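Each remark here refers to the structure printed beneath this line.
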Amino acid sequence: MTQPQSGVVAIYPGSFDPITSGHLDVIERGSRMFSRVIVAILQNEAKQPLFSVPERMEMLRESLGGFTGVEIDTFQGLLADYARAKGAGVILRGIRAISDYEYELQMALMNRRLHPGLETIFLPAAESFSFISSRMVKEVISLGGNISGLVPPLVEDRLKQRIASYKRHTST
Ligand code: PNS
C-alpha cells in the first residue's frame, strides 16, 4: 500500500512504559497505511509504571520527531469510547508471537462489540523486534544487561538514569 487510506483515523493504544523499537516500527508502518495515527497512552496508575504519563509522552514525542500524520494523546476508561470520541475507525496493534494473538483477539472482539464498526488491524512485528517487550527491556536493564537497539537511544538513557536512581534509593 503506497498511499495512506485517506480519512481513516487509526489509534495505536498501549502503555508505552517505555516505547520500544518494536512500537516505533508499528507506528512507522501504520503511518504509511493511515492518514492519521493517534498513539494513545492508557492512563492507568494501577499498573505501577516506571515512567509517568508525561514522561512517556515526552519520550514518544522525541522518538517520533520525523513522522508525519502521527499524534500523541492519552486516554482513560474504555478504548472503544475513546475511539468513538476521536472518530477513529481502526485500532492498530502489533502481534509478536502466536501467544499474543489470543488476548489480542479477545480485545478486538470486545472492542467491536462495544463499538460496532471499529476494526482492529494486527501488524506482525518485524522479525528483529518480535522478542521485545517493555517489561522485558526493563528487567534486562535493571539486571545490568545490554538493551542497545531494543529501544530508541534517548529511551535507553532515561532507563539507565531511572534504574540508577532506583538503585540509589533502595541502597540507602
Ligand atoms: O501496551 P498494552 O499494555 O498491551 O496495552 C493494552 C491496552 C491499553 C490496549 C488495553 O489495556 C486497553 O485498551 N485498555 C483500556 C480499557 C478497555 O478498553 N478495556 C476493554 C477492552 S479489552
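Taken together, the values in this text are just the output of simple stated rules run on the coordinates, not laboratory data. What you are looking at is a predicted structure, and each value in this text was computed from that prediction instead of being measured. Cβ atoms come from the backbone with ideal geometry, glycine included; neighbour counts cover every protein chain shown.
Miscellaneous remarks
- Extension gain, Ser128 to Glu71: 0.36 nm times the residue separation minus the Cα-Cα distance gives 18.0 nm.
- Available extension along the chain between His169 and Val8 is 53.3 nm, counting 0.36 nm per residue and deducting the alpha carbon span.
- As a length-normalised measure over Cα pairs under 8 Å and 6 or more apart, the relative contact order of the range 90-172 settles at 27 percent.
- Amide H contacts under 5 Å for Ser35, placed H, 5+ residues apart: Gln5, Gly7, Val8
- Near Arg36: Cβ cut-off under 14 Å, other residues only, Lys/Arg at +1 and Asp/Glu at -1. The net charge is 0.
- Subtracting the Cα-Cα distance of Leu105 and Glu58 from 0.36 nm times their residue separation leaves 13.9 nm of extension gain.
- 5 angstrom amide H check on Leu123, placed H, neighbours 5+ away: Arg93, Gly94, Ile95
- Percentage relative contact order, the range 34-143, counting C-alpha pairs under 8 Å, at least six apart: 25 percent
- Here the calculated FRET efficiency for Glu28 and Lys160, from their Cβ-Cβ distance with R0 = 25 Å, stands at 0.50, rounded to the nearest 0.05.
- Separation in nanometres of the label points that stand 7 Å from Cα toward Cβ, at Leu143 and Arg113: 3.8 nm
- Kirkwood-type hydrodynamic radius, the chain: 16.8 Å, calculated from all non-identical alpha-carbon pairs.
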